[in-house]
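The values are calculated or read from the model by the stated rules, or taken from the named source; none is laboratory data. This is a predicted model, so every value here is computed, not measured. FYI the Cβ positions are ideal-geometry reconstructions off the backbone, even for glycines, and counts take in every protein chain you see. With ligands, DNA and RNA removed, areas are computed over all heavy atoms of the protein, side chains included. Shrake-Rupley method; radii C 1.70, N 1.55, O 1.52, S 1.80 Å.
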Amino acid sequence: MLTRAIPSSGEKLPVIGLGTWEVFDVELTPETENRLGDVLSLLIKLGGRVVDSSPMYGRSERVIGALATKLGLHDKLFLATKVWTRGKQAGIESMDRSVARLQTKRIDLMQVHNLVDVETQLATMRDWKAQGRIRYLGVTHYNSSAYPEVERVLRSESLDFLQINYSIMEREAENRILPLAKERGLALIVNRPFGGGDLFRQARAHPLPEWAAEFDCRSWAQFFLKWILGNPAATCVIPATNNPQHLKDNVEAGTGRLPDSKTRQRMIELVNGW
C-alpha cells in the first residue's frame, strides 16, 4: 500500500485505514468476534495500520482492545481515539478509560472529538505526550458548518493531526481547511469518504466508467477513495466497515496509480451528472 508521511515526525502511514463508527459497536459473540477479527487481521495483512475510534462510538474501543489482544495485533496497529467531554478531570478520566478499553499502555493518536472543550483537552494531551502516554495529538470534526472554528483552532494551536470530512460530494474542505492544514504541517485523516453512504446509494444505478482503469480502479469504493488520495494533502482515509471483502476492496484503493488533477475533475463531473 502507498504510504504518506506525518509532517511533524516523518513517520509514514498507510493511506487507507479503518473507521469503527457503528460497525464495531457490537456485542462480541463468536460470530462478530470472527468477522471483526478477520477485518483487523486483513487490514494488517494488506499493509494497513490505522484504526480510528472514539468513546462516542459505544463499545468500539472495547471491541478493538479485546480483538487486538487476542490476535496479538497491538504492536502492528496505529491506534487513534478521541476525548469527547468537558472539563479537565473529566477529560483525564475519559482518556484513562480509552487506554483501558483499548488494552494498551500508549495511544498513538489522541484527538479532541468535534472540538469539544478543545483548549482544555489539548493542554492535558500535551502533558500526556510529554510523558509518552500518547504519541501524537490532534482535533476532529465531520461537518462543514464547523470549519470556521476548525480554522481558528488550527491557527492558534500546535497540532500533529487534523481529522475532517472530505469526499467527492463534500469538497468544502478544499477551500481553506486543507491548505491551512498543509501550511501548519499537519497530517490529515479523512472521515466520511463515502458521504455517509450517500455516494453508494447514487452510484448503484450507474456502471463504473471504463476510463477508471486508467488509474487502477475496479470498484466504486476505489473510485471515491482514489479521488481523495489524488489530493496529496490526504495522509490517510478511514472508511468504516465490518466486512472483510469491503475492507479488501477499500485497501486496494491505496495501491497502484492515482488520478491526476484533470482526471479528478472528470470524476467530479461524472458524479455531479447523476
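A few comments on the model shown:
- Residues of the range 96-113 that are buried (at least 17 other Cβ atoms within 10 Å of the Cβ) and either in contact (Cβ under 8 Å) with a residue 40 or more places away in the chain or among the hydroxyl-bearing types (S, T, Y) (or both): S98, R101, L102, T104, L109, Q111, H113.
- The listed residues are Q202, Q163, and the only one of them that is at pLDDT below 95 and within 30 Å of D260 (Cβ to Cβ) turns out to be Q202.
- With respect to the conditions (1) open to solvent by 10 Å² or more (accessible area, probe 1.4 Å); (2) in a strand (DSSP E or B), S41 lacks only one, and its number is (2).
- The condition (being in contact (Cβ under 8 Å) with a residue 40 or more places away in the chain, among the charged types (D, E, K, R) and within 21 Å of R257 (Cα to Cα)) is satisfied by just one residue among R35, R4: R4.
- At least 1 residues being farther than 18 Å from E269 by Cα and open to solvent by 40 Å² or more (accessible area, probe 1.4 Å) is the threshold, and among the helices (runs of 4 or more DSSP H) wholly inside the range 114-222 those reaching it are 118-131, 147-156, 177-183.
- Long-range neighbours under 6 Å by Cβ, at least six apart or interchain, first residue in a helix (DSSP H, G or I) within the range 247-264, second open to solvent by 50 Å² or more (accessible area, probe 1.4 Å): V251/L46
- Residue selected from the range 237-273 under the condition out of contact with any Phe, Trp or Tyr (no Cβ under 7 Å at 6 or more places or on another chain) and hydroxyl-bearing (S, T, Y), by the criterion least open to solvent (accessible area, probe 1.4 Å): T241
- Subset of the range 49-66 [in a loop (DSSP other than H, G, I, E, B) and in contact with a Leu (Cβ under 7 Å, 6 or more places away or on another chain)]: R49
- For the range 120-139, a residue qualifies if it is hydroxyl-bearing (S, T, Y) and under 14 Å from F161 (Cβ atoms), and exactly one does: Y136.
- Selection from the range 18-56 of residues that are under 30 Å from E93 (Cβ atoms) and in contact with a Pro (Cβ under 8 Å, 6 or more places away or on another chain): L18, G19, V39, R49, V50
- Any hit, the range 111-120, residues being of a type in the set (S, T, Y) and touching a Leu at 6+ places or on another chain (Cβ under 9 Å): no
- The set of residues from the range 223-233 being open to solvent by less than 40 Å² (accessible area, probe 1.4 Å), of a type outside the set (S, T, N, Q) and assigned to a loop (DSSP other than H, G, I, E, B) comprises G230, A233.
- Test: V190 is more than 15 Å from C236 (Cα to Cα) and in contact (Cβ under 8 Å) with a residue 24 or more places away in the chain: no
- Remark: pairs (first residue in the range 67-86, open to solvent by 50 Å² or more (accessible area, probe 1.4 Å); second residue among the hydrophobic types (A, V, I, L, M, F, W, C) and at pLDDT 95 or above; Cβ separation under 6 Å; 6+ apart in sequence or on different chains) = K76/I44; W84/V116.
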